[in-house]
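Asker: Before anything else, here's the structure in question.
The numbers here are math on the coordinates, done by the rules we state, and not lab data. Remember, it's a predicted structure, so these values are computed and weren't measured experimentally. Note: ideal-geometry Cβ built from the backbone for every residue, glycine included; neighbour counts use all protein chains shown.
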Amino acid sequence: MRTKSSRRLLLATVLGVLVAAGAESPTIAHEAKCPVCKLDVVQDTDKLDNEVALKFGRKRIEYRCVFCALNDAKSYTGDLTILAPSELKGKPVLLSRKEGKWSVQPETAVFVGHKVTHRDCQLGYRALTTREAFDKWVAANADLLKDAKPLGLEQMLEVAK
Amino acid sequence: MTRPFWRKWEETRKRGNGRSGGPAEVPISSFPHFLISLFLVAAAAAGQPPRDLPPLPEKLPGWIRNTDRNHIFYRRGRYNFDVYNVPKLARDLNAVAVGHAMAYEDLVTGKAGQLETKTFGRIDRVLKNPPRFMPDEAAISPTFGRRYGVLEQVFDWTHILHAQTVDVLASKQLTEPEKDREIERLWKFYFESVPYAVTPLPMNMEFLDGQPYSAAFRKKHPKVNGLFWGYHWLQGAMYDMLYRASAEDQRAAYEVIGEQYHKTELYRTDRPFMPMFAEVSPIFAARFPHIANAFDNLHMLHDLVNDILASEWITDKQKDDQITRAIWLLSAAAHRGEAPGRRRQEAGGSKQEGLHDHRHFLGVPGMGMMTGMTPELMWMPRMGWMSMADCHHCSMPLWDGEDWWRNPTVTAGGWSMRVRCPLCARDMSAETKGRSLLRIPTEKPDRIVFVVSDDAGNLKTSTPGVVFLENEGSHTGCDEWSRAFSSLAAFAAYVKANPKLAGAKALSFEDWAKREGRKPDTYVKPKGPSENPYEHRGHQR
């Protein structure tokens, strides 16, 4: 059995090795690759949530954008919920599929579904709680989204087919 | 702390292997250099750029040119053919043997052009309808056997080690400690009784996969290469599934592993490199690193041979010589006196330096260095960079030394990862799409709780009476506050011995399976020296 001091020494060594190898700072988030686009899932920050999560039974799978999560929802049979980060920290838009029918909460939610390079997908495919929030989001990312139109749930489902 | 198994094995190896007489050395003084010159001129005239082929070593052991027919068979054992205790696995392994033999026979009988179509179709039919009994590969690939007799004997010899170690693990008669001892005996028999043993040292895969002909096969025959790598995936993944598992757990686990093999692994053509044993069976590889290395090296020998045979710019004579060289590169004889973890420096910085590079990843003595990676960080497709010495969920150091067996594993989506505690295993499984298999040690090294997760993350186990401790805190201490026990009494004894856990409640499997931990506070995402070390090579050079 290892002692406490040897464990601390090991931890220090490993953290040292990782830092030396160019590791990023420790985070509280668990970072993964998106199962659809295989790119890193963009992590939440103090001010903005970015991780999209699909909840299916006891599974909680993270995606890089709401497009990837909706697209992959086809591969699950049964009820599921997608937690799509919005413009409000800690208040995701919830997309639920129950007995094959989709619904969204809050009902005022609109989506950006603008074709962008997938490296920017968390900006180009985004859920927002209101139309006003959509306008602000597009204005803040005008270089990428200048022609973006607000989409309802049905339109977003069509985009992510 | 006792000596690591790796060191014990290495000391045993250094003491000598009892092979009588040693290899006869045959000078290759009459090598027909003029033939190479003629070929290079002809190739240049035909518009193909001539490439330098590495020469045969100066001296080679006599057995490497043996043309006698040597039939090799199993060592006697009451466990022989116990793989049939897991019937689906046994039949899938029978089909693997047919697939290998069919592809090799077509490759050397002028049918390489139909490998991706007719041959693939024939093999796929066998894989979907596996034979009940193991076929004699020599009967399926007679031409290949006649032409490359020694190579076939090298393959067969290590395949027998594969088969018998699996028989031992699937035995219902042997206890777990008896199985460990028998596997070591089989290794000794493999390593000492004939000269065909493949080296048990970790090899530099970047060097071996960097030959002038490397990647030719996967470029030309991606579907059949996918099948070969799918076989190698199964031949690795089955070990952790069988190791220290009851017969019931083995069969349940193969439902998950077999589905992954048949639905995905056989048909993948996007792998940048062959599956490595320790990637898919990290626990068995930690216990028997020499065997893990030998199997990886055997699989690399398959790749070298495939690439040589698929390279049209190489003449038949050169193919024979390059295959002889490939056998030598991977043979135990070529690395006598060398040690795991070390690099032998060649005088004058020879190009062969990579051949004697036996470094391995930190915490994984059963896996050699790979393209563009460092001993501290490994890169895996779809997973990115990771430290193999740390938990893949919380980044804390994994158990090592005499506690190597305490690491749980999560197997899902074609990979198998070691984690530090049961909570890390459960939550990592919940964050992973699809079915998964969790392997959770208790306080006893030979009592492992096998847990199967369905697509929706519902967990099931066949182990009765298992009890969990989960007093969640910082993951700096998860090896203490998250544990599994074979009984309530074992739980109580542990809590009593650790006063700071006083008052901790024992969780039944059902209660434990419903929980969800917080995201680990200690998690660090490692950043490697490049985005993807295989990117510049693509999947095919």
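Asker: Count the lysine pairs in the range A:31-159 that are 8 or more places apart or on different chains: how many have C-alpha atoms under 18 angstrom apart?
Answerer: Pairs that pass both the separation and distance tests number 21.
Asker: Give the lysines reachable from B:Lys59 as a straight Cα distance under 19 Å; neighbours fewer than 8 places away on the same chain don't count.
Answerer: Partners found: B:Lys317, B:Lys319, B:Lys351.
Asker: Moving on. Calculate the spin-label point distance for B:Ile72 paired with B:Lys500, positioning each point 7 Å from the Cα along the beta-carbon direction, and give it in nanometres.
Answerer: Roughly 5.2 nm, to one decimal.
Asker: Now, a different point. Over the Cα atoms of the range B:388-514, each weighted equally, I'd like the Debye log10 I(q)/I(0) at q = 0.13, 0.15 Å⁻¹, rounded to two decimals.
Answerer: At q = 0.13, 0.15 Å⁻¹ the computed log10 ratios are -0.48, -0.64.
Asker: Given a Förster radius of 22 Å and the C-beta distance between B:Lys88 and B:Asp136 as r, what FRET efficiency does 1/(1 + (r/R0)^6) yield to the nearest 0.05?
Answerer: 0.50
Asker: So if I restrict to the alpha-carbon atoms in the range B:169-298, what is the Rg, and what is Dmax, the biggest pairwise distance, in Å?
Answerer: My reading of the Cα-based Rg and Dmax gives 16.2, 49 Å.
Asker: For helix B:247-263, what angle does its Cα long axis make with the longest principal axis of chain B, in degrees from 0 to 90 and rounded to 10?
Answerer: So the inclination is approximately 50 degrees.
Asker: Using the Cα centre as the reference, give the magnitude of the dipole from point charges on the C-beta atoms of chain B (Lys, Arg: +1; Asp, Glu: -1; all else neutral), rounded to the nearest 20 debye.
Answerer: Roughly 360 debye for chain B.
Asker: State the number of lysine pairs found in the range B:388-514 whose Cα atoms come within less than 27 Å, restricting to pairs 8 or more positions apart or on distinct chains.
Answerer: The result is 13.
Asker: Can you give the Rg/Rh ratio of the range B:5-340, where Rg is from the C-alpha atoms and Rh is the Kirkwood radius?
Answerer: Using only Cα positions, Rg/Rh for the range B:5-340 is 0.96.
Asker: Please report the orientation-averaged projected area of the range B:354-424, defined via the convex hull of its C-alpha atoms, in nm².
Answerer: Computing the convex hull of the Cα atoms and averaging its projections yields 5.4 nm².
Asker: Further question: Using Cα positions and a limit of under 16 Å, work out the aspartates and glutamates in reach of B:Lys118, with same-chain residues fewer than 8 apart set aside.
Answerer: Excluding near neighbours in sequence, the set is B:Glu105, B:Asp106.
Asker: Now a separate question. Against the longest principal axis of chain B, how steep is helix B:222-242, in degrees 0 to 90 to the nearest 10, with axes from Cα atoms?
Answerer: Roughly 40 degrees, rounded to the nearest 10.
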